[in-house]
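Down below is the structure, laid out as C-alpha cells.
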Ligand SMILES: N[C@@H](CCC(=O)N[C@@H](CS)C(=O)NCC(=O)O)C(=O)O
C-alpha cells in the first residue's frame with residue numbers, strides 16, 4: 001500500500017500490483033485509505049501523454065503577494081502537484097504595463113498564464129485547472145455537483161476574505177455572520193454530504209476541486225474561530241485526512257507558496273496599484 005502520483009494526483013493504492021502504465025481507466029480501481037504513505041512515483045509517468053503536456057512550462061500567476069482571489073488558484077495547483085511561478089504586483093507601473101500589453105481582458109487580476117493563454121476571471125481559471133488536472137469529476141452530472149459544492153465554499157470564503165478590510169464595529173458583525181453561516185448553513189451541508197457519501201471525499205471516492213476548496217474554507221474559518229468545527233465530526237475527520245494528502249501536506253508547510261492572512265500592507269499595495277485613495 002502507498003501513494004502514487006497519477007495524472008498529477010496523489011492517490012493511494014490498496015494494491016501496488018496496479019500496472020505501471022496507469023491510464024485514466026485504471027484510476028477507477030484506486031481506493032483510498034490514508035494510513036500509510038510511501039512516496040512512490042510511477043516511473044512510467046513520461047509515458048502518459050497528459051503529463052507530457054505540462055512540460056510546456058509552469059503556469060505563471062499575476063497577483064499581489066497575498067491571498068485575495070488568487071489563493072484558491074494556488075491551492076488547486078498545489079493540490080494537483082503542479083509547480084507554478086508568481087509575479088507579484090507592487091506598483092502602478094507594473095499594472096499599467098499589463099494593461100498596455102492587453103494582458104488583462106477586463107483590467108483585473110487574478111491573471112494566469114497557462115498553456116499559451118492569459119486567463120482572467122477566477123472561476124474560469126479554476127475550472128480550467130480543475131478540468132486539466134482531473135479534479136473536475138468524470139461527467140456533466142459530477143461537474144454540476146462539484147460546481148455546487150465549490151460555489152458554496154466560495155460564498156463562505158468571500159465573507160471571510162473581506163473581513164480584514166472592515167472597521168472594528170463591522171468586524172464584530174461580520175465575525176458573527178461568518179460563524180452563523182459556517183455552522184448553520186454551509187458546514188451542516190458538507191457534513192451531510194460526507195455522511196451520505198460514506199466515502200472519504202465529497203464526491204464518490206474521488207479527490208476533487210470541491211475537496212480542495214472545502215479544506216481551504218475550513219482552515220480560513222478556523223483562523224477566525226478556532227472551535228468552528230466542534231459540532232462537525234465528519235468534517236474534522238475530513239480535515240485530518242485531506243491535510244495528509246501529500247501535495248496538500250506540502251502546501252501547508254512553512255515556506256510554501258501559500259499566503260498568510262491579509263493585512264494592512266496587502267490593502268495598501270492593492271490601493272496603490274489600482275490608484276485608490
Ligand atoms: N470577477 C473577477 C473579479 C476580479 C477582481 O475584482 N479583481 C480585483 C483585484 S482582487 C481587481 O482587479 N480590481 C481592479 C478593478 O476591478 O478595476 C474575478 O473573479 O476574477
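Overview of results
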| quantity | calculated |
| --- | --- |
| Residues residue 189 and residue 65, FRET efficiency given R0 of 41 Å [Cβ-Cβ distance, rounded to 0.05] | 0.75 |
| Cα-based shape type of the range 110-178, given that a ≥ b ≥ c are square roots of the gyration tensor eigenvalues and the cut on a/c is 1.5 | oblate |
| Those residues of the range 101-142 whose amide nitrogen sits under 19 Å from the label point placed on residue 83, 7 Å along Cα→Cβ | 113-116, 133 |
| Sites residue 176 and residue 106 - FRET efficiency at Förster radius 41 Å, r taken between beta-carbons, to 0.05 | 0.75 |
| Extension reserve of the residue 199-residue 144 stretch, reckoned as 0.36 nm per residue once the Cα distance is removed | 17.9 nm |
| FRET efficiency for residue 58 and residue 124, using Cβ-Cβ distance with R0 set to 25 Å, rounded to 0.05 | 0.85 |
| Among 139-147, 186-194, 253-261, the order from most to least packed when residues are scored by Cβ within 10 Å on average | 186-194, 139-147, 253-261 |
| Gain upon complete extension [residue 244, residue 277; 0.36 nm per residue less C-alpha separation] | 7.5 nm |
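Rule-based calculations on the coordinates, nothing more; no lab input. Just so you know, these numbers come straight off a predicted model, no measurement behind them. Quick reminder, even Gly has a Cβ in these numbers, built from the backbone with ideal geometry, and neighbours come from all protein chains shown.
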